[in-house]
Structure formats: C-alpha cells, structure tokens
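Undergrad: I am attaching a structure below and will ask some questions about it afterwards.
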Amino acid sequence: MVQFQDLQILLDANNHFELTQSVEGLAIDELELVCDRVLASDPLEPLAFRLGPIIEHARELQAPDD
C-alpha cells in the first residue's frame with residue numbers, strides 16, 4: 001500500500017516541476033527512492049510514473065561531462 005507521506009513527496013515534486021519547469025531544488029536521490037517504493041506498491045501510480053522521466057533528465061544533468 002502506498003504511504004500518504006510518499007504521495008505528498010511526489011505531489012510536491014510534481015508541483016515544483018510544473019511551476020518552474022526545472023529540476024533545480026529537487027532532492028533527486030530521495031525522489032528516486034520514493035518513486036521506486038511507490039511503483040513497487042502500485043506500478044500504475046500516475047505521479048510516480050510521470051516523475052520517472054523527470055528523474056532521468058535530472059540524472060543526465062548531474063552526470064559529469066566527459
């Protein structure tokens with residue numbers, strides 16, 4: 001079962017991204033863990049499913065340029 005606190009974290013992250021169109025200020029490590037936990041409980045949870053590509057994009061931005 002998905003925990004309310006996890007959904008709140010996803011909702012806050014989604015709202016942040018919707019307002020700013022930026023991943024700046026998001027705790028990507030925590031967000032990724034929460035998304036994984038939520039998707040393990042509910043593979044079709046819309047917020048976790050929607051934030052997956054945003055997390056991937058943030059990881060690409062964090063990757064050092066080689």
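The values are calculated or read from the model by the stated rules, or taken from the named source; none is laboratory data. Fair warning: this is a prediction, and the values are worked out from it, not measured in the lab. Backbone-built Cβ (ideal geometry, glycine too); neighbour counts: all protein chains shown. With ligands, DNA and RNA removed, areas are computed over all heavy atoms of the protein, side chains included. Shrake-Rupley method; radii C 1.70, N 1.55, O 1.52, S 1.80 Å.
Undergrad: Just by accessible area at a 1.4 angstrom probe, what is the order of D42, D6 from largest to smallest?
TA: Details: D42 60, D6 15 Å².
Most to least solvent-accessible, the answer reads D42, D6.
Undergrad: Counting only heavy atoms of the protein chains, get the accessible area per residue of the chain (1.4 Å probe) and round it to a whole Å² value.
TA: Values: 4670 Å² over 66 residues.
With all protein chains present, the chain gives 71 Å² per residue.
Undergrad: Treating the angle as unsigned and between 0 and 90°, give the value, to the nearest 10°, between the Cα long axis of helix 28-41 and the longest Cα principal axis of the chain.
TA: 30
Undergrad: Right, another one. Once neighbouring chains are kept in place and the probe is 1.4 Å, which whole percent of the accessible area of the chain is contributed by carbon and sulfur? Don't skip to the answer; put the middle values down first.
TA: Numbers: 2650 of 4670 Å².
Within the chain, the accessible surface is 57 percent carbon and sulfur.
Undergrad: While we're looking at this one, here's another question. Mind ranking S41, S22 by accessible surface for me, highest first, 1.4 Å probe? Present the calculation step by step, with values, prior to reporting the outcome.
TA: Details: S41 60, S22 35 Å².
Largest accessible area first, the residues go S41, S22.
Undergrad: May I pose another question? Just to be sure I understand the model, the point goes 7 Å from the Cα along the line to the Cβ. What's the resulting H57 to Q21 distance in nm?
TA: Calculated label separation equals 0.9 nm.
Undergrad: For the modelled label position 7 Å from the Cα of V2 along Cα-to-Cβ, which residues of region 25-52 have backbone nitrogen atoms closer than 16 Å?
TA: Answer for region 25-52: 31-52.
Undergrad: Here is a follow-up. Treating the angle as unsigned and between 0 and 90°, give the value, to the nearest 10°, between the Cα long axis of helix 4-20 and the longest Cα principal axis of the chain.
TA: So the inclination is approximately 40 degrees.
Undergrad: OK, next. Ordering V2, V38 from largest to smallest accessible area (1.4 angstrom probe), what's the sequence?
TA: On the way: V2 35, V38 0 Å².
Ranking V2, V38 by accessible area, largest first, yields V2, V38.
Undergrad: With +1 assigned to the C-beta of every Lys and Arg and -1 to the C-beta of every Asp and Glu, and no other charges, what is the dipole magnitude of the chain about the Cα centre in debye, to the nearest 20? Before the final figure, lay out the partial values.
TA: Working: 3 positive and 14 negative charges, 50 e Å.
So the magnitude is around 240 debye.
Undergrad: Enter the angle in degrees (range 0 to 90, nearest 10) between the Cα long axis of helix 46-62 and the first principal axis of the Cα atoms of the chain, meaning the one along which they spread out most.
TA: The angle comes out near 20 degrees.
Undergrad: What translational diffusion coefficient, in µm²/s and rounded to a whole number, does the Stokes-Einstein relation yield for the chain at 10 °C and a viscosity of 1.306 mPa s, taking the hydrodynamic radius as the Kirkwood radius over Cα pairs? If you can, show how the numbers build up before the last one.
TA: Working: Rh = 12.0 Å.
It comes out at roughly 132 µm²/s.
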